Amino acid sequence: MKSLTIIQPITIKAKVTLHLKEKLIRDIRAALQKLEAELQRLEFTGKRLIAEWEKQKPDQVVVIKRQLEGEKQKRMEARNQLLQKLKEVQEMEIGQEIKQGTVNRLVEVQIGDYWEKISGVEIVLEDNKIIDIRYPDAIGEGCHDG
């Protein structure tokens, strides 16, 4: 019988625990601090660069200012996204499941297999420990893990 081995994504979910919630909040706050430091460096470096360019190439100062503003804007957008994510994490309920990413698995498929039976696999973690591996309903015959 014809068969083919494919790479298929598996969804990784995490059960929200107090430990996970605290870790996510710490990680987001650390990223926010890093971003704030970048903004301060950018501001300081920008002022120095503008002062130098005003002496050497005054006609190019507008270009430099525009580039600096663009970089500041990117970081401000990232900051706003992190603040939104922080709010979402703070509102998470203990026990709720959240998607954390995906990994890939090798699956051997054969003619006659039902796609629904091999797609939709999930791994559930609780504090980095696998607590469940979920297959779609009615998995069994026709599905061959590789």
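Please report, in debye to the nearest 20, how large the charge dipole of the chain is about its Cα centre when each Lys and Arg carries +1 at its beta carbon and each Asp and Glu carries -1 there.
940
I need the fraction of alpha carbon pairs in the chain separated by more than 24 Å, rounded to a whole percent. Above the 24 Å cut-off, the chain has 59 percent of its Cα pairs. In summary, the lysines within cross-link reach of residue 21, defined as a Cα separation below 30 angstrom excluding same-chain residues under 8 places away, comprise 13, 34, 72, 74, 85, 87, 99, 129. Would you mind counting up the charge near residue 128? Only other residues with Cβ under 12 Å from its Cβ, with Lys and Arg at +1 and Asp and Glu at -1. Around residue 128, the charge tally is +1. Full extension of the chain between residue 96 and residue 40 gives 16.4 nm of extra length, using 0.36 nm per residue less the Cα-Cα distance. Around residue 94, under 13 Å between beta carbons, what's the net of Lys plus Arg minus Asp minus Glu among the other residues? Combined, the nearby Lys, Arg, Asp and Glu give -4. Its Cα centre serving as origin, the range 18-93 has a Cβ charge dipole (Lys and Arg +1, Asp and Glu -1) of approximately 180 debye.
In the chain, the longest principal axis of the Cα atoms and the axis of helix 18-56 are about 30 degrees apart.
Pairs of Cα atoms nearer than 8 Å and 6+ residues apart set the relative contact order; for the chain it is 46 percent. Axis of helix 61-91 versus longest Cα principal axis of the chain: the two differ by about 40°, to the nearest ten degrees. Once both labels are positioned 7 Å from their Cα atoms along Cα-to-Cβ, the gap between residue 81 and residue 114 label points is 3.9 nm.
When the Kirkwood radius is taken over all Cα pairs of the range 18-93, what Stokes-Einstein diffusion coefficient follows at 20 °C and 1.002 mPa s, in µm²/s?
Details: Rh = 14.3 Å.
D = 150 µm²/s.
Note on residue 23/residue 50: beta-carbon distance plugged into 1/(1 + (r/R0)^6) with R0 of 41 Å gives a FRET efficiency of 0.50.
Any read-out appearing in this document is the output of simple, stated calculations on the displayed coordinates, not a laboratory observation. Here the structure is a predicted model, which means the values were calculated and not measured. All Cβ positions, even for glycine, are placed from backbone atoms using ideal geometry, and neighbour counts span all protein chains on display.
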